[in-house]
1. Quick one: residue A:209 ticks every box in (1) within 14 Å of chain B (Cβ to nearest Cβ); (2) surrounded by fewer than 19 Cβ atoms within 10 Å (Cβ to Cβ); (3) part of a strand (DSSP E or B) bar one, so which box is it?
2. Against the definition (away from chain A (no Cβ under 11 Å), β-branched (Val, Ile, Thr), more than 30 Å from residue B:339 (Cβ to Cβ) and buried (at least 23 other Cβ atoms within 10 Å of the Cβ)), how does residue B:151 come out, yes or no?
3. Tell me, which residue of segment B:72-115 that is of a type in the set (A, V, I, L, M, F, W, C) and free of Cβ contacts under 8 Å to residues at least 60 places away in the same chain is nearest to residue B:301 (Cα to Cα)?
4. From B:348, B:373, grab the single residue that is among the hydroxyl-bearing types (Ser, Thr, Tyr) and either buried (at least 20 other Cβ atoms within 10 Å of the Cβ) or in contact with a strand residue (DSSP E or B) (Cβ under 8 Å, 6 or more places away or on another chain) (or both).
5. Take the conditions crowded, with 18+ Cβ neighbours inside 10 Å and β-branched (Val, Ile, Thr) and apply them to residue B:318. Does it pass?
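The values are calculated or read from the model by the stated rules, or taken from the named source; none is laboratory data. The structure displayed is predicted, hence computed values, not measured ones. Cβ placement follows ideal geometry from the backbone for every residue including glycine, while neighbour counts extend to all protein chains displayed.
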Amino acid sequence: MDIQFTEEQELLRSSVQRLLRDQYDFDARRKIVASEDGIGREQWAAFAELGLLAAPFSEAVGGLGGGPLSTMIIMQEFGRHLVVEPFVETVVVAGGLVEQVGSDAQKRAFIADIIAGSKLWALAWTEKGSRFDLATVTTTARRDGDGYVLTGEKTAVMAAPWADYLIVSARTSGHRHDRGGVSLFVVDRRAANLDLQSFGTIDGRRAAEISLRGVRGELLGKEGEGVKALEACRNHAIGALCAEAVGAIGELNAATLDYSKTRKQFGVTIGSFQVLQHRMVDMFIAHQETLSLMQHLSLSLRDDEAGVSRLASGAKSKIGYAGKFVADQAVQLHGGMGMTDELNVGHYFKRISSINIQFGDPAYHVLRYAQLDAAA
Amino acid sequence: MELALSPDDAAFRDEVRAFIKDKYPEEMRVANPETDLSKEQMLLWHRILHNKGWIAPLWPKQYGGPGWSITRRFIFEQETTRAGTMPPLAFSVTMVGPVIYTFGNDAQKQKFLPRILSGEDWWCQGYSEPGSGSDLATVRTKAVRDGDHYIVNGHKTWTTLAQHADWIFCLVRTDPTAKPQSGISFLLIDMKSPGVTVRPIITIDGSHEVNDVFLEDVRVPAENLIGEESKGWTYAKFLLGNERTSMAGIGRSTRYISRLKKIVKAEIPEDDPAHLEFIRDIARVELDVLALEATELRVVAQMARGIDPGPAASLFKIRGTEIFQNITELTHRAIGNYGLAIREHPISANHFMPGPDYGHTASEKYLNSRKLSIYGGSNEIQRNIIAKAVLGL
């Protein structure tokens with residue numbers, strides 16, 4: 001199994017590569033991260049212009065019909081360049097949810113703006129006690145006329161400070177951990193009674209704590225079926241994050257190998273030491289395995305295979321541990337340089353660490369992988 | 001697990017414990033002392049220990065040390081690290097001080113030692129250079145004799161807390177024709193000298209701990225040379241031996257484990273399957289600490305009987321740093337989604353950090369601790385030392 005890219009996919013990949021090479025080198029990224037908003041609006045517009053924001057959507061909703069494979073191609077390149085803009089949050093997660101469970105009116109209202117690059121989105125599912133469980137929700141939604149009113153707290157919502165809209169999970173019935181009774185709502189991020197406290201994340205992005213005190217929301221999908229929709233959406237988010245991690249792993253390996261061939265100590269290049277050679281062979285193997293698993297998962301997502309949820313958890317875990325290993329060793333082999341803010345190696349380390357928290361850490365997902373097997 | 005103590009040593013331990021409890025400054029108990037304290041704040045405890053006569057446990061009595069036995073030095077180390085006190089600046093007290101009283105002349109001893117003890121002089125270490133990390137013997141910073149001065153040119157890096165330093169002790173090359181190890185001298189340089197420039201290096205945790213130090217035509221009085229010219233490598237190795245003795249870090253690891261347990265208890269409900277996994281991971285690292293502590297106690301007992309511990313320091317450095325990295329990773333994992341957040345440096349009180357207080361430094365500690373397996377002789381180098389010196393490979 002090795003994905004042979006179609007001409008169209010090759011074109012997508014080379015055009016993303018060209019765009020990022022021209023507009024998103026490490027210095028450009030540093031400027032974006034240090035800017036007041038911490039996001040590159042121009043770059044986002046360029047992504048829209050190039051059709052990246054349309055790529056995964058089906059043609060029926062105005063997309064290019066590239067599906068999970070186009071997400072994989074884009075995210076792998078984004079991972080290589082440490083792109084901070086919320087492609088996963090806006091296109092893969094929110095756009096995916098709207099396409100998957102939204103009404104026709106919602107699809108018309110929201111997806112065109114995403115594709116045009118004029119609106120950004122974030123998903124607010126995590127709460128204080130939820131850890132990585134999608135069903136642990138205490139935020140409530142109460143019916144009020146033809147809409148709903150939401151009350152509760154969401155924590156560590158990645159990309160929320162940038163977002164125009166949030167998708168919020170809230171309980172319409174049942175108790176704290178019940179899978180049923182959770183519904184999804186579209187909320188205007190600037191709505192009345194919504195309070196947002198932003199903070200910087202380890203990987204140079206922005207997230208926020210969100211407090212909802214009677215905020216109006218619009219139901220997305222069927223009432224009580226939010227967890228099911230979130231699970232499917234998480235599979236796609238994992239597919240995207242795994243591709244991003246693989247892109248980062250590839251760059252770390254290339255940088256480390258290059259460094260080991262030029263850095264001299266004791267009169268020889270450090271790459272001549274066997275202990276470091278073996279370490280880099282293990283890093284190479286980790287890259288090969290994660291690359292294969294990433295492709296396997298993307299195909300399974302494209303074909304919507306029965307076991308895709310279990311595979312997604314398996315990949316998130318395996319690629320997470322592999323990424324951690326590679327990132328640790330890349331810093332170690334770069335010595336003091338690997339610890340500096342100046343070099344990109346530490347920034348890949350931090351992005352991989354952050355990916356390993358988003359949508360569940362490797363330990364959570366290896367357990368879920370085992371449990372889904374037992375349940376089958 | 002404790003050393004078997006004589007009644008006198010047990011009384012000493014109680015005295016140290018009580019002293020810390022009464023005298024450790026409250027304002028030094030901040031979220032992350034290594035990055036959050038000003039120079040003046042860092043020196044508070046130093047001055048208190050100095051007044052008590054306890055600032056330099058390693059030093060012989062004649063130079064101002066307390067004259068403790070190996071056992072007492074160990075007790076002091078154990079009690080202060082268990083209590084989480086910030087150790088006095090190692091570069092001054094543990095590193096350059098012993099070099100000066102062992103290899104320096106009387107004038108140097110009289111000039112520098114009292115000011116190290118009092119905290120009046122803050123020292124930093126000019127060892128590493130961009131091209132000389134693990135392979136220290138290749139230092140290229142040049143010192144050329146010019147009458148009763150040396151003219152020094154070079155670039156030192158990873159210089160910890162140089163931004164606060166009054167003095168820097170440097171390895172410089174005085175004989176470019178000799179073999180790498182034999183052309184090196186040990187020179188003391190006043191940081192206020194014209195031609196010394198300090199440039200911050202920001203690390204991946206966002207903090208400013210280390211620096212580049214540039215030396216451009218710096219005139220250094222020849223009287224600041226330690227020992228003999230071109231014998232600096234001997235002094236440098238002597239100093240590195242001191243650097244690595246206390247890197248087992250048992251006290252610190254023990255404190256962080258008990259904090260980790262509290263975090264896991266607060267963050268992860270017992271019916272969450274992750275709970276059992278954390279319990280197991282914590283137990284494993286606790287056993288690692290126990291085994292290392294037992295090894296440390298065994299070595300201390302041997303040293304008290306006059307047996308040379310050999311390269312035990314390398315073993316302590318390897319395991320101590322690996323264990324602490326593991327603990328900071330577990331802590332970062334334990335706080336779950338809040339692990340995404342990181343404090344901004346320099347720290348400001350009105351900057352917002354999400355989640356409970358106990359998680360606020362988890363990300364920066366996790367990131368910062370990656371340096372442990374790199375600095376002070378990378379763990380790869382330490383393994384080479386054991387392979388060669390112990391296993392005879």
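1. (2)
2. So residue B:151 fails the test.
3. Applying the filter and picking the extreme gives B:93.
4. Within the list B:348, B:373, the selection yields B:373.
5. For residue B:318, the condition - crowded, with 18+ Cβ neighbours inside 10 Å and β-branched (Val, Ile, Thr) - is met.
Here is a yes/no grid of residues against (1) closer than 23 Å to residue A:347 by Cα; (2) surrounded by 18 or more Cβ atoms within 10 Å (Cβ to Cβ); (3) at pLDDT 95 or above; (4) within 19 Å of the chain's Cα centre (by Cα):
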residue	(1), (2), (3), (4)
A:1	no, no, no, no
A:28	yes, no, yes, no
A:43	yes, yes, yes, yes
A:49	no, no, yes, no
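For (1) within 26 Å of residue A:332 (Cβ to Cβ); (2) within 13 Å of chain A (Cβ to nearest Cβ), each residue gets a yes or a no:
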| residue | (1), (2) |
| --- | --- |
| B:311 | yes, no |
| B:322 | yes, yes |
| B:335 | yes, yes |
| B:344 | no, yes |
| B:353 | no, yes |
| B:372 | yes, yes |
| B:376 | yes, yes |
| B:380 | yes, yes |
| B:383 | yes, yes |
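So that you can scan it fast, the table gives a plain yes or no per residue for (1) crowded, with 24+ Cβ neighbours inside 10 Å; (2) hydrophobic (A, V, I, L, M, F, W, C); (3) modelled with pLDDT of 95 or more:
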| position | (1), (2), (3) |
| --- | --- |
| A:308 | no, yes, yes |
| A:321 | no, no, yes |
| A:328 | no, no, yes |
| A:331 | yes, yes, yes |
| A:351 | yes, no, yes |
